[in-house]
Amino acid sequence: MASPVRPTALVTGGSRGIGAATSLRLASAGYRVGVNYFSNRTAADAVVAKIAADGGSAFAVQGDVRDEARAAHLIEQAAPDGHLDALVCNAAAAAFTPTPVSTLPWADFSTKLTDELAGVYTLVQRALALMEQQQRGTIVFVSSTVADGPPAPGMAAHGTAKAALNTFARFLACEAGPMGVRVNVVAPGFVRTEASAHMPQALRQQLADRAPLRRVAEADDVARAVAMLVSDDAQFVTGTVLPVDGGTTVSRM
Ligand SMILES: NC(=O)c1ccc[n+]([C@@H]2O[C@H](COP(=O)([O-])OP(=O)(O)OC[C@H]3O[C@@H](n4cnc5c(N)ncnc54)[C@H](OP(=O)(O)O)[C@@H]3O)[C@@H](O)[C@H]2O)c1
């Protein structure tokens with residue numbers, strides 16, 4: 001008997017942190033997962049090997065999501081038969097160092113904004129072209145509570161960039177809805193990954209104490225929320241920004 005065809009997903013920045021956890025979750029939900037990475041091939045291969053060991057299907061795919069040509073090629077590699085069911089735009093493609101606006105050059109501020117949006121724009125355009133033909137598909141952006149939460153010191157560029165991402169997702173949801181395509185956002189608070197490893201333990205503890213659920217997030221907490229939004233359990237959910245922060249945002253209201 002022929003094995004059933006797996007739906008296909010592309011996870012950008014799928015090699016580490018939230019993206020790796022998301023790749024594992026989607027694979028266990030039955031997706032064939034394109035695990036995108038930027039430079040860490042070893043990490044991407046480890047995610048692919050773990051998925052294979054668990055009986056799933058995945059492949060590593062290199063590419064800078066900010067690069068228009070590479071992003072277009074990524075979609076082609078992830079969907080060689082022209083079929084793509086899910087796109088998760090997670091890559092931490094817009095590097096930043098927390099800096100007050102007073103000392104942040106315009107060039108750095110604008111690069112941060114441009115990189116954040118460039119990291120999703122072409123992928124979304126190319127994915128939508130396929131999903132429109134299918135009249136089905138789902139897109140999830142990984143944003144941050146810093147976009148809509150209380151302005152954290154030094155985070156103006158990051159927060160403004162992620163806020164732009166949230167707004168872009170809302171416009172997309174309206175444009176893509178009639179194509180049968182859902183577009184949603186997850187907004188994590190602090191998540192324990194390599195990217196956040198520099199945060200002092202005392203500050204981490206403060207964040208945990210402030211959260212109604214009394215801990216900080218693991219990458220898999222975010223991955224579960226992404227998998228839920230990708231799944232048919234969220235079949236009538238589009239245009240939302242879902243905080244994944246243990247209740248921290250709501251406890252400050
Ligand atoms: N960690 C947090 O506290 C936190 C909180 C809120 C939101 N977020 C968001 O969650 C997302 C993932 O963050 P993370 O903490 O999981 O980061 P991470 O552990 O540093 O992983 C970053 C991932 O992005 C990939 N990447 C970086 N630049 C790329 C590029 N130009 N093109 C393609 N892939 C690229 C990396 O690939 P390589 O392995 O090849 O380097 C890696 O897979 C980001 O959008 C971040 O803003 C994180």
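For the reader, a short list of remarks on this structure follows.
- Taken over region 8-251, the convex hull of the Cα atoms encloses 122 Å³ per residue.
- Globularity ratio of region 109-169, using Cα Rg and 2.2 N^0.38 Å: 1.30
- Within a Gaussian network of the chain (alpha carbon springs, distance under 10 Å), most fluctuating of 137, 159, 82: 82
- Heavy-atom accessible area per residue - region 8-251, 1.4 Å, Å²: 47
- About its Cα centre, the dipole of the chain is roughly 460 debye, where the only charges are +1 on Lys and Arg Cβ and -1 on Asp and Glu Cβ.
- For region 186-215 and region 86-133, distance of Cα centres in Å: 23
- Here the simple spin-label model places points 7 Å from the Cα toward Cβ, and for residue 97 and residue 233 these points are separated by 4.1 nm.
- Label zone at residue 83 (point 7 Å along Cα-to-Cβ), backbone N below 20 Å, region 6-30: 6-11, 26-30
- Over region 142-253, the reciprocal of the mean inverse Cα-Cα separation, the Kirkwood hydrodynamic radius, stands at 14.9 Å.
- Solvent-accessible area, 1.4 Å probe, carbon plus sulfur percent, for the chain: 57
- Length-normalised contact order for region 78-189 - Cα pairs under 8 Å, 6+ apart - percent: 34
- Backbone N under 20 Å from the residue 174 label point (7 Å along Cα→Cβ), restricted to region 227-253: 236-242
- Helix axis angle, 17-28 relative to the chain longest principal axis, alpha carbon, degrees: 30
- Over the chain: helical MRE at 222 nm, DSSP H runs n ≥ 4 each giving -39500 (n - 2.57), nearest 500: -14500 deg cm²/dmol
- Rounded tilt (10° steps) of 106-134 against the dominant C-alpha axis of the chain: 30
- Relative contact order of region 1-48, defined on C-alpha pairs under 8 angstrom at six or more residues apart (%): 41
- Length-normalised contact order of the chain in % [C-alpha pairs under 8 Å, at least 6 apart]: 18
- Cα-projected label distance for residue 224 with residue 192, points at 7 Å along beta-carbon direction, nm: 1.5
- Cα point-scatterer Debye curve for region 95-137, base-10 log of I(q)/I(0) at q = 0.21, 0.32 Å⁻¹: -0.69, -1.04
The values are calculated or read from the model by the stated rules, or taken from the named source; none is laboratory data. These numbers come from a predicted model, not from an experiment. Every residue, glycine as well, gets a Cβ built from its backbone with ideal geometry; the counts of neighbours run over all protein chains shown. These area figures cover heavy atoms from the full protein model, side chains too; ligands, DNA and RNA do not enter into them. Shrake-Rupley method; radii C 1.70, N 1.55, O 1.52, S 1.80 Å.
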